[in-house]
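Colleague: For reference, the structure I am asking about is given below.
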Amino acid sequence: MDKSNKILFLTTACHGVNHMFWEAIGPLMPFLIMTYSLNHTQAGQLGLVYILVYGLMNYPSGYMSDKWGKRIFILLFLLISSLSFAMIVFSKMYWQLLLIFAAAGFGGGLYHPSGTAMLSNAFPARLRGRSLGLHASGGAMGILLAYLIVSAFSKTADWKFAVICMSGIGILLLAYLLMFAWKDLEEDNRQPPDGPADNSSDVSMPGFLEVIKAIPHLLIIYAIVMFLFKGAYVWVPTYLKEVYALDVATAVSFTIILPVMGLLSNYMMGRISDAIGRRNSLIIVFSMLVVCLLLMYVGFRPIIIPLLVVFGFFINSFSGIINAFTRDLLPAEIMGMAFGIIFTFSICISSLAPYIMGIISDRFSLSESMFFLAIVAVAGVVTTIFAPGKSVD
């Protein structure tokens, strides 16, 4: 296995663990609501704290990873996230949960800029969409693991055993990296193996403000994407439980459809974006999400399974497209900082999704919160169509 493929394999595995922790909030949410007697707003606050801290850590970790090397931040992410997540089982009060979720968010925020930058620099532009799509499929695999583990333990044992199991997976991957893969991440592959296919190395290195000015449309699109993603994954299990009157184990089991479809869609849409362009691909994805969310709002019970299949395909298909879009526009040497800026902005915005949807659910209904997500998806279509700036279409 050559260097680029080793980086692809290792970052994909780490991405899976990152999303396993990040998206475990969704299947755990019904249990947390019951165990701690939370209302929807309080439950949404847990997601707000976790995602906000997660987002705030992306820029500093991305910036420092360009200077100090990216592998140290991947190691710290695995260590802090795994240990913090395990502390959930010891929490007795709501305020303790808030602190633990904040600590887990701190650790999770160390991965995305360093891992995504390392991988995006390892492949030339012609292979970038599909490689980042595979990386995103690793994230979907992690989400799938979270749902499978919580679903399995919810039927046979206490939900806290699921938390311990997921933390153990993170520790095992940390041990693997230290013992067998540390040297594989030693270099950042600042230059893709096929040379400067996109001529990015010929431009002067922009700073913080120059990066923001170069990709204002992508910052907005990322924020919309992350808002949709977090709103859906945090609330769909509870939505199925309460709106469709399913028991909690069945609701979590049904939601497994979403990450399963992500195993396919991330790579497929990333590869399609290599062929038809990033902008065209984004318009297709946003438009399909509008249709799916409106059908969920209406609550067509007979089509819930096929609806979740289609929704799962498109809600998971953004990552390869927009990460490749970003790397198409910016040079390799600043990708840690660039992804740090993007992820900090978009994830901090998306941290509002669980909280806002919780408020809407308490004041109106969970169905109305899905209608709100449909409006956000419409904004994604409009923003993509009218976005200024350079495009690779």
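The values are calculated or read from the model by the stated rules, or taken from the named source; none is laboratory data. Model, not experiment: these values are computed from the prediction. Reconstructed Cβ throughout: ideal geometry from the backbone, glycine too, with neighbour counts over all protein chains shown. Calculation scope for accessible area: heavy atoms of the full protein, side chains included, ligands and nucleic acids excluded. Shrake-Rupley method; radii C 1.70, N 1.55, O 1.52, S 1.80 Å.
A quick yes/no check of all residues on (1) closer than 16 Å to Y111 by Cβ; (2) touching a residue at least 40 places away in the same chain (Cβ under 8 Å):
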site	(1), (2)
G26	no, yes
S37	no, no
A43	no, yes
G47	no, yes
Y54	yes, yes
P60	yes, yes
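Colleague: Kindly state which helices (runs of 4 or more DSSP H) lie completely within segment 1-81 and contain at least 1 residues that are closer than 21 Å to F161 by Cα.
Modeller: Working: elements: 3-23, 25-36, 40-56, 58-68.
Where helices (runs of 4 or more DSSP H) fall fully within segment 1-81 and carry at least 1 residues being closer than 21 Å to F161 by Cα, they are 3-23, 25-36, 40-56.
Colleague: Would you pick out the residues in segment 102-119 that are over 16 Å from the mean Cα position of the chain (by Cα) and either under 12 Å from L76 (Cα atoms) or open to solvent by 10 Å² or more (accessible area, probe 1.4 Å) (or both)?
Modeller: A102, A103
Colleague: Does F227 count as surrounded by fewer than 20 Cβ atoms within 10 Å (Cβ to Cβ) and modelled with pLDDT of 70 or more? Give the derivation first.
Modeller: Working: surrounded by fewer than 20 Cβ atoms within 10 Å (Cβ to Cβ): no; modelled with pLDDT of 70 or more: yes.
Against the criterion (surrounded by fewer than 20 Cβ atoms within 10 Å (Cβ to Cβ) and modelled with pLDDT of 70 or more), F227 does not qualify.
Residue-wise test of (1) open to solvent by less than 30 Å² (accessible area, probe 1.4 Å); (2) at pLDDT 70 or above; (3) among the hydrophobic types (A, V, I, L, M, F, W, C); (4) under 24 Å from the mean Cα position of the chain (by Cα).
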| position | (1), (2), (3), (4) |
| --- | --- |
| C165 | no, yes, yes, yes |
| G170 | yes, yes, no, yes |
| E187 | no, no, no, no |
| D194 | no, no, no, no |
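Colleague: Note down all Cβ pairs under 8 Å where the first residue falls in segment 1-17 and is within 20 Å of H112 (Cβ to Cβ) and open to solvent by less than 10 Å² (accessible area, probe 1.4 Å), the second is modelled with pLDDT under 90 and β-branched (V, I, T), and they're at least six residues apart or on different chains.
Modeller: Once the first residue is within 20 Å of H112 (Cβ to Cβ) and open to solvent by less than 10 Å² (accessible area, probe 1.4 Å) and sits in segment 1-17, its partners that are modelled with pLDDT under 90 and β-branched (V, I, T) give T11/I74; T11/T116; C14/I74.
Colleague: Further question: For S81, indicate whether it is over 18 Å from N121 (Cα atoms), touching a residue at least 40 places away in the same chain (Cβ under 8 Å) and among the polar types (S, T, N, Q). Talk me through it step by step, then tell me what you get.
Modeller: Details: over 18 Å from N121 (Cα atoms): yes; touching a residue at least 40 places away in the same chain (Cβ under 8 Å): yes; among the polar types (S, T, N, Q): yes.
Here the answer is yes, as S81 does meet what is asked.
Colleague: With respect to F31, determine if the residue is crowded, with 20+ Cβ neighbours inside 10 Å, aromatic (F, W, Y), within 26 Å of L366 (Cα to Cα) and touching a Phe, Trp or Tyr at 6+ places or on another chain (Cβ under 7 Å).
Modeller: Values: crowded, with 20+ Cβ neighbours inside 10 Å: yes; aromatic (F, W, Y): yes; within 26 Å of L366 (Cα to Cα): yes; touching a Phe, Trp or Tyr at 6+ places or on another chain (Cβ under 7 Å): yes.
Yes.
Conditions (1) open to solvent by less than 50 Å² (accessible area, probe 1.4 Å); (2) out of contact with any Leu (no Cβ under 9 Å at 6 or more places or on another chain), marked per residue:
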residue	(1), (2)
V53	yes, yes
Y63	no, yes
K70	yes, no
F123	yes, no
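Colleague: A follow-up question, please. Could you look through segment 349-371, keep only residues that are out of contact with any Phe, Trp or Tyr (no Cβ under 9 Å at 6 or more places or on another chain) and part of a helix (DSSP H, G or I), and pick out the one that is surrounded by the fewest Cβ atoms within 10 Å (Cβ to Cβ)?
Modeller: Restricting to residues being out of contact with any Phe, Trp or Tyr (no Cβ under 9 Å at 6 or more places or on another chain) and part of a helix (DSSP H, G or I), the top hit is R363.
Colleague: Out of P306, P302, which single residue is free of Cβ contacts under 8 Å to residues at least 24 places away in the same chain and closer than 27 Å to G138 by Cβ? Reasoning before the result, please.
Modeller: Numbers: P302 fails: closer than 27 Å to G138 by Cβ.
Exactly one of P306, P302 is free of Cβ contacts under 8 Å to residues at least 24 places away in the same chain and closer than 27 Å to G138 by Cβ, namely P306.
Colleague: Out of segment 280-319, which residues are of a type in the set (F, W, Y) and at pLDDT below 85?
Modeller: Of the residues in segment 280-319, the ones of a type in the set (F, W, Y) are 286, 297, 300, 311, 313-314, 318.
Correct list: Y297, F300, F318.
Colleague: Given the conditions (1) closer than 15 Å to V376 by Cα; (2) open to solvent by 20 Å² or more (accessible area, probe 1.4 Å); (3) at pLDDT below 85, report the number of the one that V243 does not fulfil.
Modeller: V243 satisfies every listed condition except (1).
Colleague: If you don't mind, there's one more thing I want to ask. Please work out if M337 is within 23 Å of V382 (Cβ to Cβ) and part of a helix (DSSP H, G or I).
Modeller: On the way: within 23 Å of V382 (Cβ to Cβ): no; part of a helix (DSSP H, G or I): yes.
No.
Colleague: Here is a list of conditions, (1) more than 19 Å from H135 (Cβ to Cβ); (2) within 20 Å of the chain's Cα centre (by Cα); (3) of a type outside the set (K, R); (4) at pLDDT 80 or above, and T383 meets all of them except one; can you say which number that is?
Modeller: Evaluating T383 over (1) more than 19 Å from H135 (Cβ to Cβ); (2) within 20 Å of the chain's Cα centre (by Cα); (3) of a type outside the set (K, R); (4) at pLDDT 80 or above leaves (2) as the failure.
Colleague: Tally time: how many residues in segment 74-101 are more than 21 Å from the chain's Cα centre (by Cα) and not β-branched (V, I, T)?
Modeller: So the answer is 10.
Colleague: If you go through segment 263-297, how many residues are without any contact (Cβ under 8 Å) to a residue 40 or more places away in the chain, more than 20 Å from the chain's Cα centre (by Cα) and closer than 17 Å to A374 by Cβ?
Modeller: Here the count works out to 2.
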